[in-house]
1. Picking from T40, T95, T124, which is most flexible by a Gaussian network model of the chain using Cα springs under 10 Å?
2. For the pair D191 and K47, how long in nm is the line joining their label points, each one 7 Å along Cα→Cβ?
3. Among A65, F130, I175, whose Cα lies farthest out toward the positive end of the dipole of the chain, if unit charges sit on the beta carbon of Lys, Arg (+1) and Asp, Glu (-1)?
4. Tell me, what ³J(HN,Hα) does each residue in the range 87-103 have, in order and in whole Hz, if you take phi through Karplus 6.51 cos²θ - 1.76 cosθ + 1.60 with θ = phi - 60° and put x for Gly and Pro?
5. May I ask you to evaluate 6.51 cos²θ - 1.76 cosθ + 1.60, the Karplus curve with θ = phi - 60°, for each residue of the range 144-150 and list the ³J(HN,Hα) values in order in whole Hz, giving x for glycine and proline?
6. How much length is gained if the chain between N69 and K134 is pulled fully straight, taking 0.36 nm per residue apart and subtracting their Cα-Cα distance, in nm to one decimal?
7. What 222 nm value per residue comes from the helices of the chain, counting each DSSP H run with n ≥ 4 as -39,500 (n - 2.57) and dividing by all residues, nearest 500 deg cm²/dmol?
8. Starting from the Cα gyration tensor of the chain, take the square roots of the eigenvalues, sort them a ≥ b ≥ c, and report rounded, prolate or oblate (rounded when a/c is under 1.5, otherwise prolate if a/b is larger than b/c, else oblate).
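No lab work stands behind these numbers, since they all come straight from the coordinates. Everything numeric here is computed off the predicted structure, so don't read it as measured data. Using ideal geometry, Cβ is built from the backbone for each residue, glycine included, and neighbour counts are taken over all protein chains shown.
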Amino acid sequence: MEAKDTCGAESGSKKKKMKKSKQNDERILPNILVTGTPGTGKTSLCKKLQEKRSNLKCINIGEFAKANNCLGDWDSQYECHDIDEDKLIDDLEDTMAEGNVIIEHHVTDIFPERWFDSVFVLRTENTQLFDRLKTRKYNEKKLEDNVQCEIFQTILDEARDSYKPEIVHEIRSDILEDIEKNASNISSWIDQWIKDNS
């Protein structure tokens, strides 16, 4: 079982979830969304961030959905499950209110805007992305759709449409060194956020 791993295929609800929770200014630690087309290095970046900041909670939405019964119907075209967005949001609400969470997912517009203090969108050169996805043994449609999403910067545009422009940051994720550099930069951003909000 896997949660849908095709950008655009599980287009979010476009409605922001409105359940009550702590507002951003009540948290003492920030929340971050790490997003990008499948294959851009989100998981690698989150693992590197956890190495630098062991108390950071990193949540891979696909894994969380499986573990917490948030999977929807099977999509035979993309060979994966949809996600039950309402249950997912309800299940994560209290965790997100605590702060110090990084959400890793390729769909940006299903989450409440109030959850995140920063959104980092990973971008990868198209031929590298194609090679990465090919090693995952994606079917031809899934592979082609994901590369098209990267070419047309679908995830970046969705993030800019879903969140305040000043919190959305585009970062390169082409080579291994980018993972270390991006993790260091995000860790520094967290330090600055804590300083500015304490």
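1. Looking only at T40, T95, T124, the largest GNM fluctuation is found for T95.
2. According to this spin-label approximation, the distance is 2.5 nm.
3. Going by the charge dipole, the pick is I175.
4. In residue order, the calculated couplings are 5, 4, 4, 4, 5, 8, 3, 5, 4, 5, 5, 6, x, 6, 10, 10, 9 Hz.
5. 3J(HN,Hα) across the range 144-150, in whole Hz: 4, 4, 5, 5, 4, 4, 6.
6. Gain on stretching N69 to K134: 20.5 nm.
7. -13000 deg cm²/dmol
8. In terms of gyration-tensor shape, oblate.
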